[in-house]
Each structure stands twice: as C-alpha cells, then as structure tokens.
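Participant: Below: one structure in structure tokens.
We did not get these values from a lab; they are worked out from the coordinates using the rules stated. Please read these numbers as outputs of a predicted model, since none were measured by experiment. Here the Cβ is made from the backbone with ideal geometry for all residues, glycine too, and neighbour counts use every protein chain on show.
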C-alpha cells in the first residue's frame, strides 16, 4: 500500500483498522499486480466506493474479492 492511503474516519491514537483505510486505484493495482488501467476498466466487478468522480476501495473488500476469485482460473 502506498503512503497515500487515506483514513475514512478521523485517526486517533492506536492502530487504524483495515476497514477504515480507503485505497485508490493505484494502491489496488499494486495489490492485484495489474496496471492501473485494468482497475479502471473492471470497476463494475470490483467492490468500489464512489465519491463523485473519485473511486476508492476498502482493503478488506479487495481481500474478499481475491478470496472469492481464488481457484476460479484452473
């Protein structure tokens, strides 16, 4: 994850839950090891949060997406 990850809620003391971190397309592309253009072209398949013209992703939802896809390309 890049250092650009944005907390969805104000960050207090202590660690930030994975579910409170929003990722951008570049972060998701890095996690999935695909080009950023692939992320944008597959937005209908990915668990996305739309904020106007911006798209963000919860790390936990991306992990769940990967778990559901595991083993489907055999």
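Participant: Restricting the search to segment 42-57, which residues are in a loop (DSSP other than H, G, I, E, B) and closer than 14 Å to residue 27 by Cβ?
Facilitator: To start, the set of residues in segment 42-57 that are in a loop (DSSP other than H, G, I, E, B) comprises 42-48, 52-53.
46, 47, 48 - these are the residues of segment 42-57 that are in a loop (DSSP other than H, G, I, E, B) and closer than 14 Å to residue 27 by Cβ.
Participant: I need a count of the residues in segment 39-61 that are surrounded by 13 or more Cβ atoms within 10 Å (Cβ to Cβ) and out of contact with any helix residue (DSSP H, G or I) (no Cβ under 7 Å at 6 or more places or on another chain).
Facilitator: Residues flagged as surrounded by 13 or more Cβ atoms within 10 Å (Cβ to Cβ) and out of contact with any helix residue (DSSP H, G or I) (no Cβ under 7 Å at 6 or more places or on another chain) within segment 39-61 amount to 6.
Participant: Can you name the residue in segment 27-37 that is surrounded by 14 or more Cβ atoms within 10 Å (Cβ to Cβ) and touching a helix residue (DSSP H, G or I) at 6+ places or on another chain (Cβ under 8 Å) and is also farthest from residue 69 (Cα to Cα) among such residues?
Facilitator: Among those that are surrounded by 14 or more Cβ atoms within 10 Å (Cβ to Cβ) and touching a helix residue (DSSP H, G or I) at 6+ places or on another chain (Cβ under 8 Å), it is 36.
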